[in-house]
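**Student:** Mind having a look at this structure? Questions to follow.
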Amino acid sequence: MTLLSLLFALLIERVTAKNQHWRASYYVDLYVEKLIQKQWLNAQADLLNLVVVIGLPCLFLLWFANWLGNGLVLLVFNAVILYICLGCPKLRATYKCYLQAADRGDLEACDLYSSQLGHDTTEPAECNSFGQHLIWLNYTHYAAVIIGFVLFGAAGAVLYVLSYGVIDRIRTEHQESDNRALVNANHFMWFLDFIPVRITALGFLLVGHFGRALPVWGHYLFDLSVSAKTVLCRVSSAAEDVEVTDISEPTASEGNDPMNLHLSEPKILVKLAKRNIVFLMVAVSLLTMVGGVA
């Protein structure tokens, strides 16, 4: 059931264009606006408050899925929910524009599109390349959602998407480091990402260069002080052995083609992320055959 829902959702997501009513962001934004209007989400929101406003819709969805039973209706329901939660057409379209600009050698346009994709060059040096940022986007919009779905069904997919949307809104509106809601939001996402990001990183070393990536993955496996993005970036870079650069700073090693490395690093890491999604699907298939996943 889980595997079929995943296959249907991924297939439909790849061959169709979503309008706003088929995008999770549309419903998350509506929900967050209601929370703000009711004063249930503000600058002083504590951790319990976040758990309640995020957990209640997921618990209701879990109850509803159980009420549907295990037949064809549940399969369709899970596939629809997963289809809504997976991906982000806007980000995909922007990335295509980035590639087109890079092919033209338009550095200014590349900078513009990378910023639209949320690339922040002020992040720590170990995870601030554009390719690594794309790895993170793939994780948040695909890998983490799939892992949540496999673990908890449709409710798991919604849990991650809703959490990411709520926390992202808090980070956007309350950027002060001493803000209570922001601190609690970061703690919440660290806890939510801890297992999925390490499963995703495990996939990177299995579909990439195992020997180089294994020590890095093992080093961060039980490290409670490191961020999820750092784990993902370090392991992915080791798995593909790419040279990490900032797209806004051409280097002498690029020779006469200033866009060579800017194109190669993102493309290499995006291919790694795609192979990792295939690995997740294979893993779910094997778990289904041995009875580990329903």
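Readers should treat all values here as calculations from the given coordinates under stated rules, not as data from a laboratory. Predicted, not measured: the structure shown is a model, and the values here were computed from it. Cβ sites come from the backbone with ideal geometry, for glycine too, and all protein chains shown count toward neighbours.
**Student:** Charges on Cβ only, +1 for Lys and Arg, -1 for Asp and Glu, centred on the Cα centroid of the chain; of Asn186, Leu30, Thr121, which one is farthest towards the dipole's positive end?
**Tutor:** Checking the options against the dipole of the chain, the answer is Leu30.
**Student:** Another one. List every DSSP H helix in the chain whose Cα atoms extend 24 Å or more along the helix's own long axis and whose mean Kyte-Doolittle hydropathy is at least -0.5.
**Tutor:** Values: long enough: 47-68 (32 Å, 2.12); 154-173 (29 Å, 0.69); 180-207 (40 Å, 1.17); 260-289 (44 Å, 0.96).
Qualifying helices: 47-68, 154-173, 180-207, 260-289.
**Student:** From the square roots a ≥ b ≥ c of the eigenvalues of the alpha-carbon gyration tensor of segment 1-82, which class results: rounded (a/c under 1.5), prolate (a/b over b/c), or oblate?
**Tutor:** Oblate.
**Student:** Can you give the relative contact order of the chain as a percent, counting alpha carbon pairs under 8 Å and 6+ residues apart?
**Tutor:** Taking the mean separation of contacting Cα pairs over the length of the chain, I get 23 percent.
**Student:** Could you list, by residue number, the cysteines of the chain that have no other cysteine's beta carbon within less than 4.7 Å of their beta carbon?
**Tutor:** Lacking a cysteine Cβ partner under 4.7 Å: Cys58, Cys85, Cys88, Cys97, Cys110.
**Student:** Considering only DSSP states other than H, G, I, E and B, which trypsin sites (Lys or Arg not before Pro) in segment 3-99 qualify as loop sites with at most 10 other Cβ atoms within 10 Å?
**Tutor:** Listed in order of number, the matching sites are Lys38.
**Student:** With Cα extents along the principal axes in Å defined as stated, name the option among [x] 56, 40, 34; [y] 47, 43, 42; [z] 63, 47, 40 computed from the structure displayed.
**Tutor:** [z]
**Student:** Name the residue from Pro196, Gly55, His209 whose Cα lies farthest towards the positive end of the charge dipole of segment 2-289, charges +1 on Cβ of Lys and Arg and -1 on Cβ of Asp and Glu.
**Tutor:** Gly55
**Student:** Extension gain Lys96-Glu33, at 0.36 nm per residue separation less the Cα-Cα distance, in nm?
**Tutor:** Details: separation 63, 0.36 × 63 = 22.68 nm, distance 3.06 nm.
Additional length available on full extension: 19.6 nm.
**Student:** Between Glu108 and Gln20, what length in nm is gained on full extension when 0.36 nm per residue of separation is reduced by their alpha carbon distance?
**Tutor:** Roughly 28.7 nm would be gained on extension.
**Student:** Mind putting a number on the dipole of segment 2-289 about its Cα centre? Charges go on the C-beta only, +1 for Lys and Arg and -1 for Asp and Glu, and I need it in Debye to the nearest 20. Walk me through the numbers on the way to the answer.
**Tutor:** On the way: 20 positive and 25 negative charges, 252 e Å.
Once rounded to the nearest 20, the dipole reads 1200 debye.
**Student:** If you don't mind, there's one more thing I want to ask. Work out the FRET efficiency for Arg180 and Phe60 from their Cβ-Cβ distance, taking R0 = 35 Å, and round it to the nearest 0.05.
**Tutor:** The value I calculate is 0.80.
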